[in-house]
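**Q** The structure that follows is given in the form of structure tokens.
The values are calculated or read from the model by the stated rules, or taken from the named source; none is laboratory data. These numbers were taken from a predicted model, which means no experiment stands behind them. Ideal geometry is used to build each Cβ from the backbone, glycine not excepted, and the neighbour counts take in all protein chains shown. What goes into the accessible areas is simple: the full protein's heavy atoms, side chains included, and nothing from ligands, DNA or RNA. Shrake-Rupley method; radii C 1.70, N 1.55, O 1.52, S 1.80 Å.
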Amino acid sequence: MVLIPLVRDYIDRMLHDIPGMKVLVLDPQTVGMVSVVYSQSDLLRKEVFLVETMDNASNSRESMAHLKAVYFLRPSADNVQKLRRHLAMPRFAEYHLFFSNILKIPQIQILADSDEQEVVQQVQEFYADFCAIDPYHFTLNIQNNHMYMLPTVVDPPGLQSFCDRAVDGIASVFLALKRRPVIRYQRTSDVAKRIAQETARLMYEQESGLFDFRRTENSSLLLVIDRRDDPVTPLLNQWTYQAMVHELIGIMNNKVDLRGFANVPKDQQEVVLSSIQDDFFRANMFENFGDLGMNIKRMVDDFQHLSKSSLNLQSIGDMAKFVSNYPEYRKAHGNVTKHVALVSEMSRIVEERKLMLVSQTEQELACTSGQAAAFEAVTSLLNNESVSDIDRLRLVMLYALRYEKESSVQLMQLFNKLASRSAKYKSGLVQFLLKQAGIDKRTGDLYGNRDLLNIARNMARGLKGVENVYTQHQPLLSQTLEGIVKGRLRDADYPLVGNHFQQGRPQDVVIFIVGGTTYEEARSVALYNAANPGVRFFLGGSVVLNSKRFIEDLGEAQRISKSSAII
């Protein structure tokens, strides 16, 4: 069983056992958790006729005694206080309370004391404290994601809040999977170590009874790593469908907002890209842009054929058949319009920003060495008027990460040229990136030039050539997956927490990236799982990054560090 069915099962159980008309009350976080696995029509089939947010429910005084209220909330102190006020003046006939994570004893006491009119029918914990955006990919949507780049002394409460949310999300995933893992972390990251240790404390000490599942033959593994170990992947342009949509337009909880684009039909201004609701997307989410274009053309041709046959209605029987198939026809029409609109917009952006030209140099910076040619290519693109400011910044960042120890004079020339060409460039941002994620800070073999096995692999790839110059980059995570399966993950680089040791190859592995995942990495995990049925990898992180979000987080951390004068 994978993440989406697990969360759907929780919601099914929540709604199925309560007969009659219902209202579902959610907080801002659980709205996302529910929406990625459950559609509006799914809710209607469960007799949910109204969905309210916690704040709206707090502001309304209208009595709805004909409805039963199903609350699904994170067990935060703020939510418990709001719920206490709701119970003091109940609007609904019954209250069924479900929490997405572990509820503390004092919180249960507060709720019990508040239920003076005895409207609460049940209080349960359903462990779905994460957004299951794909079968093997989850996110926590942590807003202050830049916190992981700052030392504890800058903002102790802020970093504690960040770590607490990460620990809660990880714990919830393992409770849903019914596993207690061996825990490892990236040695060079203080924040990864802290999250790993606090997760171990929760699972093996504070809530050891809750995590005491029947032991499986092969234990599960949690590996906590830091985004800064691979800063290249979130900086690259993407050329596979799902990753490309997020990079060029943006995806939030499987929804794409197209309201800012001129040529998009009104009914397609916000579209859903979900592998469980959309067959075409499920089949093409990992396809490259060229193959995607061909597949969309095939889908449009199929739909045109369907449309022509619908016009040729010659008998009452034909009409009856068309009416019975009309919902499917409407769905197909919406799907075709959605995917054509997305690909049309992305094609326009690619042309406008000259991304094929830019991306070729990006891939060479990420995958091949050759400092003189790289400097010339980046300089040429910095001088190109068609290249956007963010693309210039990304190119210089990628060059700096690759050649920080080789060419200080040329690096300074690029910094100066970037500052003169890009009005919005924040001085020192590339240097701050090197301070955060430079070669001295990283554990993994990011460019495949430290480890003999990786050097040999890169030489073999260079001799064979690459099928597609735009998708030749492989994230560092691909090496990590292989290292785990083959038992090559070094204890010195990824220490274990406590006295718990790996017994053989793990069956279920959760890799949590502090600072955020990318859709390119999620693709690597999904393809690895499909090719290696003996082990299941799950990928999770604080957010899902694109280059814009990664650079924004970097800029915010730089701003705070300047004002605190600590880093």
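**Q** Quick one: residue 555 ticks every box in (1) farther than 17 Å from residue 137 by Cα; (2) open to solvent by 10 Å² or more (accessible area, probe 1.4 Å) except a single one, so which number is it?
**A** Condition (2) is where residue 555 drops out.
**Q** Also, I was wondering about something else. Could you say which residue among 332, 341 is over 30 Å from residue 396 (Cα atoms), open to solvent by less than 60 Å² (accessible area, probe 1.4 Å), part of a helix (DSSP H, G or I) and modelled with pLDDT under 85?
**A** Just a single option satisfies the conditions, and that option is 332.
**Q** Now for a separate question. Could you pull out the residue among 24, 111, 43 that is within 27 Å of residue 164 (Cα to Cα), modelled with pLDDT of 90 or more and not in a strand (DSSP E or B)?
**A** 111
**Q** Looking at segment 103-110, is at least one residue farther than 30 Å from residue 437 by Cα, polar (S, T, N, Q) and open to solvent by less than 50 Å² (accessible area, probe 1.4 Å)?
**A** yes
**Q** How do the pairs read when you match residues in segment 121-146 that are on the phi > 0 side of the Ramachandran plot with residues anywhere that are of a type in the set (Gly, Ala, Ser) and surrounded by 21 or more Cβ atoms within 10 Å (Cβ to Cβ), using Cβ under 7 Å and keeping only pairs 6 or more apart or on different chains?
**A** So the pair list comes out empty.
**Q** Of all residues in segment 229-255, which are aromatic (Phe, Trp, Tyr) and open to solvent by less than 10 Å² (accessible area, probe 1.4 Å)?
**A** 241
**Q** Please go through segment 200-209 and give me each residue that is surrounded by fewer than 24 Cβ atoms within 10 Å (Cβ to Cβ) and assigned to a helix (DSSP H, G or I), ordered by number.
**A** Across segment 200-209, the qualifying residues are 200, 201, 202, 204, 205, 206.
**Q** Given the conditions (1) modelled with pLDDT of 60 or more; (2) surrounded by 14 or more Cβ atoms within 10 Å (Cβ to Cβ); (3) farther than 21 Å from residue 247 by Cβ, and given that residue 298 satisfies all but one, which numbered condition is not satisfied?
**A** It is condition (2) that residue 298 fails.
**Q** Touching an Asp or Glu at 6+ places or on another chain (Cβ under 7 Å) and surrounded by fewer than 21 Cβ atoms within 10 Å (Cβ to Cβ) - does that describe any residue in segment 118-141?
**A** yes
**Q** How many residues does segment 491-514 hold that are part of a loop (DSSP other than H, G, I, E, B) and either polar (S, T, N, Q) or within 16 Å of residue 196 (Cβ to Cβ) (or both)?
**A** Number of matching residues: 14.
**Q** What number goes with the only condition from (1) modelled with pLDDT of 95 or more; (2) in a loop (DSSP other than H, G, I, E, B) that residue 386 does not pass?
**A** (1)
**Q** Ok, one more. Could we say that residue 427 is open to solvent by less than 30 Å² (accessible area, probe 1.4 Å) and either among the polar types (S, T, N, Q) or modelled with pLDDT under 75 (or both) here?
**A** no
**Q** Show the residue pairs that are 6+ apart or on different chains and have beta-carbon atoms under 9 Å apart, the first residue being within segment 174-194 and in contact (Cβ under 8 Å) with a residue 60 or more places away in the chain and closer than 13 Å to residue 229 by Cα, the second being assigned to a helix (DSSP H, G or I) and open to solvent by 20 Å² or more (accessible area, probe 1.4 Å).
**A** Sorted first by the residue in segment 174-194, then by its partner, the pairs are 185/193; 185/194; 185/197; 186/193; 187/193; 188/228; 189/228.
**Q** Name the single residue that is surrounded by the fewest Cβ atoms within 10 Å (Cβ to Cβ) among those in segment 478-489 being in contact with a Lys or Arg (Cβ under 9 Å, 6 or more places away or on another chain) and under 25 Å from residue 163 (Cβ atoms).
**A** Ranking the candidates gives 489 first.
**Q** Kindly evaluate residue 561 against the criterion of being modelled with pLDDT of 95 or more, among the small types (Gly, Ala, Ser) and open to solvent by less than 60 Å² (accessible area, probe 1.4 Å).
**A** no
**Q** Under the condition of being of a type in the set (A, V, I, L, M, F, W, C) and in a loop (DSSP other than H, G, I, E, B), which residue from segment 235-268 is nearest to the chain's Cα centre (by Cα)?
**A** By that ranking, first place goes to 251.
**Q** Can we say residue 51 is more than 26 Å from residue 142 (Cβ to Cβ), of a type in the set (Val, Ile, Thr) and either under 29 Å from the mean Cα position of the chain (by Cα) or not in a helix (DSSP H, G or I) (or both)?
**A** Here the answer is no, as residue 51 does not meet what is asked.
**Q** A further question follows. What's the number of the only condition in (1) within 23 Å of residue 436 (Cβ to Cβ); (2) among the hydroxyl-bearing types (Ser, Thr, Tyr); (3) crowded, with 21+ Cβ neighbours inside 10 Å that residue 188 fails to meet?
**A** Answer for residue 188: the failing condition is (3).
**Q** Something else: Hey, does segment 440-448 have a residue that's among the β-branched types (Val, Ile, Thr) and over 20 Å from residue 562 (Cβ atoms)?
**A** Scanning segment 440-448, I find at least one residue that is among the β-branched types (Val, Ile, Thr) and over 20 Å from residue 562 (Cβ atoms), so the answer is yes.
**Q** Which members of segment 367-382 meet the condition of being open to solvent by less than 70 Å² (accessible area, probe 1.4 Å) and in contact (Cβ under 8 Å) with a residue 24 or more places away in the chain?
**A** Answer for segment 367-382, where residues must be open to solvent by less than 70 Å² (accessible area, probe 1.4 Å) and in contact (Cβ under 8 Å) with a residue 24 or more places away in the chain: 367, 368, 371, 374, 375, 378, 379, 381, 382.
**Q** If a residue must be part of a helix (DSSP H, G or I) and either in contact with a Phe, Trp or Tyr (Cβ under 8 Å, 6 or more places away or on another chain) or over 20 Å from residue 408 (Cα atoms) (or both), how many such residues does segment 367-377 contain?
**A** Total satisfying the criteria: 4.
**Q** Does residue 505 count as open to solvent by 10 Å² or more (accessible area, probe 1.4 Å) and over 30 Å from residue 428 (Cα atoms)?
**A** So residue 505 passes the test.
**Q** Given 22, 68, which one is open to solvent by 30 Å² or more (accessible area, probe 1.4 Å) and among the basic types (Lys, Arg)?
**A** Just a single option satisfies the conditions, and that option is 68.
**Q** I've got another one for you. Within segment 515-537, track down each residue that is part of a helix (DSSP H, G or I) and free of Cβ contacts under 8 Å to residues at least 12 places away in the same chain.
**A** 530, 531
**Q** Right, something else. Identify, please: which residue in segment 60-100 is outside any helix (DSSP H, G or I) and basic (Lys, Arg) and is, among those, nearest to residue 161 (Cα to Cα)?
**A** My answer is 74.
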